[in-house]
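To start, the structure itself, in structure tokens.
Just so it is clear, none of the values below were taken in a lab; they were calculated from the coordinates. None of the values given here were measured: they were computed from a predicted structure. Ideal geometry is used to build each Cβ from the backbone, glycine not excepted, and the neighbour counts take in all protein chains shown.
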Amino acid sequence: MLKDLLVWMFESPSLPINASSAISWWEKRRIPFNLLIVGYAVPCFVVFFFALSTSGHLLPGEDAVEPLALLAAPIGINLLYTLGWLVEVPIRLIVPSLSPRLGPTLLKLGMGLGLFLISIPALFWVGYCVHQLVRGIQ
């Protein structure tokens, strides 16, 4: 099922591609994109929280995450998602004969960047915990 979803997400739009069909192509993929991002973000958050909690840096009564950041993250990721068609449409207006792979390529780049950014806190604190373990062994 996930494989089918990813194939659909990154398939090229039908020709001819104009501004409205490009926007439509992107907007049909917004909810699946968000579900994929959430599906990846939740385990990353669990790993982040566990690593931070066991590192000794989270004092009793402190928040692991700024609550407003949890509200801002979905808004930010959707603004970046919208940037995909905001980039594609003007390019297509300037160069109408451009490959239909532009949208899927921009989506792949954006999704990769989003997944990387989501991973940074978890990777940092896991790395820190590994560093503590190695330092403790020596």
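Kirkwood Rh, the stretch 4-127, all Cα pairs: how many Å?
About 16.3 Å, per the Kirkwood formula over Cα pairs.
Tell me the mean residue ellipticity at 222 nm calculated for the chain from its helices only (DSSP H runs of n ≥ 4, each -39500 (n - 2.57), averaged over every residue, nearest 500).
Numbers: 5 runs with 108 residues, N = 138.
Result for the chain, helices only: -27000 deg cm²/dmol.
Subtracting the Cα-Cα distance from 0.36 nm times the residue separation, let me have the gained length for Trp8 to Asp63 in nm, one decimal.
Between Trp8 and Asp63, full extension yields 15.9 nm more.
Taking the Cα centre of the chain as origin, work out the dipole magnitude from +1 charges on Lys and Arg Cβ and -1 charges on Asp and Glu Cβ, in debye rounded to 20.
It works out to roughly 400 debye.
Using the charge dipole of the stretch 18-137 (Lys, Arg: +1 at Cβ; Asp, Glu: -1 at Cβ; taken about the Cα centre), state which of Phe50, Tyr40, Ala19 has its Cα farthest towards the positive end.
So the residue we want is Ala19.
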